[in-house]
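**Q** If you scroll down you'll find the structure; I have some questions about it.
The values are calculated or read from the model by the stated rules, or taken from the named source; none is laboratory data. Bear in mind the structure is a predicted one, so any value in this text is a computation, not a measurement. Virtual Cβ from ideal backbone geometry, glycine too; neighbours counted across all protein chains shown. The area values use the complete protein model at the heavy-atom level, side chains included, leaving out ligands, DNA and RNA. Shrake-Rupley method; radii C 1.70, N 1.55, O 1.52, S 1.80 Å.
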Amino acid sequence: MNERFELLSASDVTIEGAVKYADPMVLRGLLYQLTGDESIGSTAVGAAVAGYFEFKTLTDPTEVALLQAKAAEFLKAYRDGGAGDIGIGPADRLQRSLGLCAGEDIRDAEFEMWLETLAMDPWARGFTWSAEPPAPVLEGFSVAVIGAGMGGLNAAVQLRHAGIPFTVLEKNSGVGGTWYENRYPGARVDSPSRTYTHTYGVDFPFPNPFCPQSENEKYFNWVADTFDIRKDIHFDTEVTSALWDEETSTWEIRAEHPDGPRVWRVNAVISCVGFLARPNIPPIVGMEDFAGRLFHSARWPADLDLEGTRVAVIGSGCTGYQMIPEVAQVAGHTYAFQRTPNWVFDTPGYLDPFPQQVTWLDRNLPFFTNFVRFRTSWMYGPTNLQATFTIDPDFQDPHTLSPINKKIRDQRIEFMRSKFATRPDLLERMLPDAPPMSARPILVDPNRSVYDALLEENVSLVTDGILRITPDGIETTDGSTYDVDVIVFATGFKSNDFLFPMEIRGRGGQGVAELWSKDGARAYLGTLLPGFPNFFMIYGPNTNPYGGLQVVDMEEVVTRFALGCIGHLITEDKSSIDVTEDAYWRYNNELDQVEVTKVWRDTRAHNYFTNEFGRSSANMPFDVRETWRWLRDPSTPREAGDGPRESIRPYFGEDLVVS
C-alpha cells in the first residue's frame, strides 16, 4: 500500500499553491494520462527558447491556469478518497500522453525509447531472459565489472537482477566514481538531476535541479545499498591488466589489492572506468620546488583550509569555472590562470534548491516524477541537440556555424556584456574564439558565476602563459610573478586515453594500443573491440551523447546490450562473442562521416572533444534514436528499411560472431 499520509493532511491552500510550481507541460501529459480528459488535450502550445535550444510550451496564461485548477481538483479528490494506491491509467493512452507532455506527437518507432525514459518500469532497461538459462552454465559463469561509478553500479544492479554472478573491482574506497573523487568547492552536475538517475532511481529525492557533489555521491551510495551491491565490491582494488586466454576462453584479471596482488579468472569483463577519471597535470618546470600545496582538482585535500590564502587556479574548463567563485569567497586572493576562455550558459536556479512546493509534488502527486523525468529527457532529446551541434554548410558567418549557433553566440555575448558593462577589458579576454558548442557547454548561475568573481578585487585573471613554477608561486612568459600558497590544477583528465593505465590484451596478445594506433580510441557501438572477446566497455569511445539524452541513458542501453550478449553465451552454452573487424571499421566509417558535420570539429576549438589525430574519441555524433535501435537487442535483427545506415548489423551471426 502506497498511502501518502502527507497528502491526507494537506489543506486545499497547500495543494493549490503547490501545483503552480509544476511545469504546465508536465501537468498536461500527466493529467491526461490519469483522467483521459480531452479538454486537456485541446490546450495549445507554442515555441519558447531556453539556453541552447527551442522547446514547446503552453503560451496562454488562461490555459496554464486551467491545468493548474484541474491538477488541484485531482489532488483534492485523491486526498479525499484516502490517497492510496493508484494506477497509471490505460497503457494505450501513454503515447498520446507523452506527446502532450512533449508538445508534439511521439512517433511509433520512437515510443518504446521514450517510454523507457518515463521509468514506469524500473527494469525497462534491464535484461530479460529469452529462455530459462541452464543452471550449471549460469552458476559457472562469472563477470568482472571494473569500476563502481554510475556505469559500474548499474552493470552490477542489472547483473544481480538477471541472476548472473559478478564481482566489482573498484580502485577507490567508496562508490560513485567521479563523484567520489571530485570534491572541490563548487563541484556540481551540469546535467539536470531529474535525468541523472537510472530508470530504477526515478523517485530518488534529489533536492536540486542540478545537484552538488554531496547529493550525487549520496545517490550512488543509495544505489549500492538499495540493491545490496556493496558486498560484491572489492574496494581499494586497482586493476592493472586483463589478458584473454584463448585456450580457456576466459579473462585473467590482475589487480593491486590491499592484501597484495590478486588474480581473477572470469568469462566476461564489463569495463566501466569511463574516460574522465585519470587526472591530467601538464608538465611545468619547477613543480617539485613549490613550497606550498599543489594538487589536481580531483585530489582535493580534505584538510585544506583556504581562509586568507593566495590561491592559483590553473585551467578554464568546467571545473575551473565552477571552482573560482567558491574559492574566491574564502581565499585572500585568487588568481585564475586561463589559456582559453570558454562559453558559459546562464541557467536560472542552477545553484538553488527546488522550491519546497516542487518536492512536495514529488512526494504527493502520483507519477509526477516520472513525467518530469520524461519532459526533461525530451528537452535534451535528439531533435534539439542534433540541431544545436550540427554545422549548416550553407551558412556563412566568420564566428559561427549555423543560424542556431549564431543565435547562441549572440545570447552568450549579451550575457557577457551585462556582466562586464564596466570592464570591457574582461569582456575581450573572456570572449572565446571558437564557436559555441565546440567545447563542453558550461552552466552557471545568472547571479553568481565566474564572471561575477572576476569583478571582485580579490580575483585576478591571468592570461599570459605559465613559464615555470617557483618555490613561491608562478612566473609567466611576460616576466610577471605571482606569489601563492596553493596551486590547483583544474586541467581536466586524460580523456582520450581510454582504459589507461590498464594493460588490456586480447587474442594473439594484441593490445588496445595496437588496435587504436591509427587515430585513437574507437569501438563498435562504443562497447566492443574486434579481437577482444567478451569484453564490453561502458561509456567507451564515442558514447558521450551529443545526439540526444544523457550519459546515464547511454550507459543503461549499452549495459543492456552487453547483458544480451552475455545472456546469449549462457543460454546457448557458448564460449565467446566478438565483433568482426570488418563490422568495427564499417561502423566507424559511418561515424566519421557524421562526425565531420559537428561543430566540435571546428579548428578553432582545442579541448578534449578532439584527440591528437583531429577527431573525437569522446563524442557520439549519431542521433540517439539510431543508437538506441542498434543497441536494443542483439538477438532480434532489425528489418530492412527500419532506419538509416542498414550496413550496421549488431546481431548474432551478422556483425557479432559467437563461438
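**Q** Got a sec? Which of Phe206, Phe220, Phe235 is in contact with a Ser or Thr (Cβ under 7 Å, 6 or more places away or on another chain), at negative phi and open to solvent by less than 40 Å² (accessible area, probe 1.4 Å)?
**A** When all the criteria are applied, what remains is Phe206.
**Q** Further question: Can you tell me how many residues within region 92-121 are open to solvent by 50 Å² or more (accessible area, probe 1.4 Å) and closer than 25 Å to Ile229 by Cα?
**A** Here the count works out to 2.
**Q** For region 5-50, name all the residues that are part of a loop (DSSP other than H, G, I, E, B) and touching a residue at least 12 places away in the same chain (Cβ under 8 Å). First the steps, then the outcome.
**A** Let us first name the residues in region 5-50 that are part of a loop (DSSP other than H, G, I, E, B), namely 9-11, 20-23, 36-37, 42-44.
Passing the criteria: Ala10, Lys20, Tyr21, Ala22, Asp23, Gly36, Asp37, Thr43, Ala44.
**Q** While we're looking at this one, here's another question. Applying the selection to region 593-613, what residues are open to solvent by less than 40 Å² (accessible area, probe 1.4 Å) and without any contact (Cβ under 8 Å) to a residue 24 or more places away in the chain?
**A** Thr610
**Q** In this structure, does Tyr587 turn out to be more than 16 Å from Met437 (Cα to Cα), without any contact (Cβ under 8 Å) to a residue 60 or more places away in the chain, out of contact with any Asp or Glu (no Cβ under 6 Å at 6 or more places or on another chain) and open to solvent by less than 10 Å² (accessible area, probe 1.4 Å)? Break it down stepwise before answering.
**A** Details: more than 16 Å from Met437 (Cα to Cα): yes; without any contact (Cβ under 8 Å) to a residue 60 or more places away in the chain: no; out of contact with any Asp or Glu (no Cβ under 6 Å at 6 or more places or on another chain): yes; open to solvent by less than 10 Å² (accessible area, probe 1.4 Å): yes.
In short, no.
**Q** Find all pairs meeting these conditions: Cβ atoms under 7 angstrom apart; at least six residues apart or on different chains; first residue within region 557-578 and within 17 Å of Tyr524 (Cβ to Cβ); second residue aromatic (Phe, Trp, Tyr) and in a helix (DSSP H, G or I).
**A** Val557/Trp628
**Q** Looking at region 384-427 only, could you name the residues that are of a type outside the set (A, V, I, L, M, F, W, C), part of a loop (DSSP other than H, G, I, E, B) and buried (at least 20 other Cβ atoms within 10 Å of the Cβ)? Spell out the reasoning first.
**A** If we filter region 384-427 for residues that are of a type outside the set (A, V, I, L, M, F, W, C), which is where we start, we get 384, 386, 388, 390, 392-394, 396-400, 402-403, 405-407, 409-412, 414, 417-419, 422-425.
So of that shortlist, the ones also part of a loop (DSSP other than H, G, I, E, B) come out as 392-394, 396-400, 402, 422-423.
Thr400, Ser402 - these are the residues of region 384-427 that are of a type outside the set (A, V, I, L, M, F, W, C), part of a loop (DSSP other than H, G, I, E, B) and buried (at least 20 other Cβ atoms within 10 Å of the Cβ).
**Q** Sticking with this one: Can you name the number of the only condition in (1) part of a helix (DSSP H, G or I); (2) under 30 Å from Gln329 (Cβ atoms); (3) in contact with a Pro (Cβ under 7 Å, 6 or more places away or on another chain) that Asn216 fails?
**A** Asn216 satisfies every listed condition except (3).
**Q** Can you list the strands (runs of 3 or more DSSP E) found entirely within region 289-340 that contain at least 2 residues being surrounded by 20 or more Cβ atoms within 10 Å (Cβ to Cβ) and either touching a residue at least 60 places away in the same chain (Cβ under 8 Å) or not small (Gly, Ala, Ser) (or both)?
**A** Filter on region 289-340 gives 310-314, 333-337.
**Q** For Thr59, indicate whether it is touching a strand residue (DSSP E or B) at 6+ places or on another chain (Cβ under 7 Å), open to solvent by 60 Å² or more (accessible area, probe 1.4 Å), among the hydroxyl-bearing types (Ser, Thr, Tyr) and under 30 Å from Val13 (Cα atoms).
**A** yes
**Q** When you check Ser214 against the structure, is it surrounded by fewer than 19 Cβ atoms within 10 Å (Cβ to Cβ) and within 22 Å of Cys318 (Cβ to Cβ), yes or no?
**A** Working: surrounded by fewer than 19 Cβ atoms within 10 Å (Cβ to Cβ): yes; within 22 Å of Cys318 (Cβ to Cβ): yes.
So Ser214 passes the test.
**Q** Which residues, taken from region 122-145, are among the small types (Gly, Ala, Ser) and surrounded by fewer than 14 Cβ atoms within 10 Å (Cβ to Cβ)?
**A** Taking region 122-145 first, the residues among the small types (Gly, Ala, Ser) are 124, 126, 130-131, 135, 140, 142, 144.
Scanning region 122-145 gives Ser130, Ala131, Ala135, Gly140.
**Q** Another one. Considering Arg505, Arg429, which residue is in contact with a strand residue (DSSP E or B) (Cβ under 7 Å, 6 or more places away or on another chain), basic (Lys, Arg) and within 30 Å of Val266 (Cα to Cα)?
**A** Among Arg505, Arg429, only Arg505 is in contact with a strand residue (DSSP E or B) (Cβ under 7 Å, 6 or more places away or on another chain), basic (Lys, Arg) and within 30 Å of Val266 (Cα to Cα).
**Q** Since Leu591 meets every condition but one in (1) closer than 23 Å to Pro122 by Cα; (2) not in a loop (DSSP other than H, G, I, E, B), which condition does it not meet?
**A** Going through (1) closer than 23 Å to Pro122 by Cα; (2) not in a loop (DSSP other than H, G, I, E, B) one by one, Leu591 breaks only (1).
**Q** Moving to a separate point now. Somewhere in region 245-252, is a residue open to solvent by less than 60 Å² (accessible area, probe 1.4 Å), assigned to a strand (DSSP E or B) and touching a Gly at 6+ places or on another chain (Cβ under 8 Å)?
**A** Among the residues of region 245-252, not one is open to solvent by less than 60 Å² (accessible area, probe 1.4 Å), assigned to a strand (DSSP E or B) and touching a Gly at 6+ places or on another chain (Cβ under 8 Å), which makes the answer no.
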